[in-house]
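*Asks:* So that we are looking at the same thing, I have put the structure below in structure tokens.
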Amino acid sequence: MVSRDLVVVGGGPAGYPVAGILARDGYNVALIEADKFGGECTNYGCVPTKSLLHTALTLADSKKLGFSYGELQVRSAFENALSVASTLSDGIRSVLERSGVKLVEGYGRVLPSGTVEVNGERIEAGKGVILATGSEPFIPPGIRVDGIRVHDNRSILGWEPDDSQSVIVVGGGYIGVEYSTIFSLLGYRVTLVEAMSRLLPGMDRDFSLLARRILAKLGVRVVLSSPVSQVRSESSGVRVLAGDKIFHGDIALIAIGRRPRNTEALRAGLPVNNRGFVTIGDCWRALGKFYAVGDIAGPPLLAHKAIHESIGLALCLKGDQFVRGQRPIPQVVYGLVDFVSVGVTLEEASRKGVNAVEVRVPAGGLARPRIHGVSDGFAKIVYDEESKRILGIHLAYPNASETAPAALLLVNRHTLSSALDVVFPHPTFSEVLQEAILASLGLHAHVSGVRMRRARKTE
Ligand SMILES: Cc1cc2nc3c(=O)[nH]c(=O)nc-3n(C[C@H](O)[C@H](O)[C@H](O)COP(=O)(O)OP(=O)(O)OC[C@H]3O[C@@H](n4cnc5c(N)ncnc54)[C@H](O)[C@@H]3O)c2cc1C
């Protein structure tokens, strides 16, 4: 039996920050990882998809500007994405080692006593066990991922494109929308099948409409209100059954949703909700000396939420005050335009009893989107009609994911007037947000077609 102050189970975005911070602070920390350091995000999610998107957008830009470099080898785009992921994963390992974390490669079995078994060894955690075991793809009955023709987000990275020409993406959430953009920009015929009546369900309705319009412009066939019940791999391709519709393609990517990887949470006897996520209280404490952060602790299943929680937990364990659940978590979808939501929508504000106003400006009037040849997009700002406090920001333009001031304006409780103190560099994409703030005060300079909506409180 080995004794440690803290045992972190899972080396993804929820596990590695807290492990490194506390080891540098003098804690004796072990981090157990069954697969690759950096977790789903670095190795199979955020990083490889954004690398693929970067390649696909570069290709599209080059074509638009009339450059011709010959054929892109699609497999090499995937190899490049894997290589970037691997470099970052190695970097995370190295930072952890230099921080003094004891890294253990193997699968950790977590016992209710707070002991973790790994590779036949028992590690006893004196001060805490941190569950950061993440999530995995949800694959419903009727669908079998074979890694040849039917893929999930992991197996697709090893895909050998051969002479495939068409891809069926099952699921119109952010993973499905991002991969549909990537595949279509890489030259594939894409059909996107979604069960709900709109893409990006759960996000701002205008995002759904714009995502659909952009995908349609790319030539993606978007099929809504069509729950997929069966995906069958056949000798010549895949056959996808959705209601009474049948779709044929060369391969299918299943991106229906994620579920918590909670085997160890359940073994340890931690409380879980009806969707299987660990329920947590103050400072991410689940029970006794057990803590849970990241995807395993519930939605939104996003890496920056996992990292934020991991840092918050480190501060909590060091004795600093850090109140959980007060910070707005940006929702982000990447593509030709990025979709970013932080704070509430107009409808959510009115459900919370606020007299709210939404002001929307088009992105096309601003310089930077035009320089990049994009005319689609907008910025919306939602504010309290009485206090003029900013309650929500919803952005859809290229690189909107880089508009960090959006979250700051909310966290620092800015009003429309105090936000005027923030000077946005010119020409930048983030000026679309600035224009929305200006338009809310009638001070806009670059756009016409400002749209204003009001919602009256419903409580
Ligand atoms: C295709 C795709 C694209 C994405 N893109 C984005 C994006 O652009 N931006 C964003 O914010 N989020 C994105 N995400 C979501 C993001 O990947 C997750 O929210 C994030 O990885 C969650 O971090 P985590 O540490 O909680 O879990 P994970 O990253 O899942 O890490 C958990 C780790 O724990 C390990 N583990 C599990 N059980 C054990 C055990 N018993 N013993 C030892 N090790 C164990 C696993 O091997 C894994 O490495 C994407 C996800 C996918 C699938």
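The numbers here are math on the coordinates, done by the rules we state, and not lab data. All values derive from a computational prediction rather than experimental measurement. Note: ideal-geometry Cβ built from the backbone for every residue, glycine included; neighbour counts use all protein chains shown.
*Asks:* In whole Hz, with x marking every Gly and Pro, tabulate ³J(HN,Hα) for region 176-181 from phi via Karplus 6.51 cos²θ - 1.76 cosθ + 1.60, θ = phi - 60°.
*Replies:* x, 5, 5, 5, 5, 4
*Asks:* Turning to a different aspect of this structure: Which of the trypsin sites (Lys or Arg not before Pro) found in region 237-279 are in a DSSP loop and have at most 15 neighbouring Cβ atoms, other than their own, within 10 Å?
*Replies:* ARG275
*Asks:* Something else now. Note the full-extension length gain between LEU65 and THR115 as 0.36 nm times their separation in residues minus their Cα-Cα distance, in nm to one decimal.
*Replies:* Going from the current span to full extension adds 12.0 nm.
*Asks:* Label-point separation (nm) for SER229 and LYS388, each offset 7 Å from Cα along Cα-to-Cβ?
*Replies:* For SER229 paired with LYS388, the spin-label model returns 5.7 nm.
*Asks:* Give the dimensionless ratio obtained when the Cα radius of gyration of region 1-151 is divided by 2.2 N^0.38 Å.
*Replies:* 1.33
*Asks:* Now a separate question. Say each of THR58 and VAL450 gets a label point 7 Å from the Cα, pointing the same way as Cα to Cβ; how far apart are those two points in nm?
*Replies:* 4.0 nm
*Asks:* A follow-up question, please. Pulled fully out, how much extra length does the chain show between VAL423 and ASP5, if you take 0.36 nm times their separation in residues and subtract their Cα-Cα distance?
*Replies:* Net length gain for the segment: 145.9 nm.
*Asks:* Give me the one-decimal Kirkwood hydrodynamic radius in Å for the chain, with the sum taken over alpha-carbon pairs.
*Replies:* Answer for the chain: a Kirkwood hydrodynamic radius of 23.6 Å.
*Asks:* Among all the lysines, which ones have a C-alpha under 16 Å from LYS36's C-alpha, if same-chain residues fewer than 8 places away are not counted?
*Replies:* LYS102
*Asks:* Scan the chain and report its longest stretch carrying no chymotrypsin sites (Phe, Trp or Tyr not before Pro) that are both in a DSSP loop and have at most 11 other Cβ atoms within 10 Å. Don't jump to the answer; show the numbers that get you there.
*Replies:* On the way: sites that count: PHE67, TYR69.
Counting at most 11 other Cβ atoms within 10 Å as exposed, the longest clean stretch of the chain is 70-459.
*Asks:* On to the next question. Any idea what log10 I(q)/I(0) is at q = 0.12 Å⁻¹ for region 150-256, Debye with uniform C-alpha scatterers and no solvent?
*Replies:* -0.35
*Asks:* In a solvent-free Debye calculation with one equal scatterer on each Cα, what is log10 I(q)/I(0) for region 337-450 at q = 0.18 Å⁻¹, listed in the order of the q values?
*Replies:* Results for region 337-450 at q = 0.18 Å⁻¹ read -0.81.
*Asks:* Can you sort MET203, MET1 from fewest to most other Cβ atoms within 10 Å of each residue's own Cβ?
*Replies:* Values: MET203 21, MET1 7.
By the 10 Å Cβ count, ascending: MET1, MET203.
*Asks:* Considering only DSSP states other than H, G, I, E and B, which GluC sites (Glu not before Pro) in region 322-409 qualify as loop sites with at most 10 other Cβ atoms within 10 Å?
*Replies:* GLU386
*Asks:* Moving on to the next point. How much length is gained if the chain between ARG275 and LYS217 is pulled fully straight, taking 0.36 nm per residue apart and subtracting their Cα-Cα distance, in nm to one decimal?
*Replies:* Gain on stretching ARG275 to LYS217: 17.2 nm.
*Asks:* Using Cα positions and a limit of under 13 Å, work out the aspartates and glutamates in reach of LYS289, with same-chain residues fewer than 8 apart set aside.
*Replies:* ASP5, GLU124
*Asks:* So what is the calculated 222 nm ellipticity per residue for the chain, using -39500 (n - 2.57) for each DSSP H run with n of 4 or more, over all residues, to the nearest 500 deg cm²/dmol?
*Replies:* Computed mean residue ellipticity for the chain: -9000 deg cm²/dmol.
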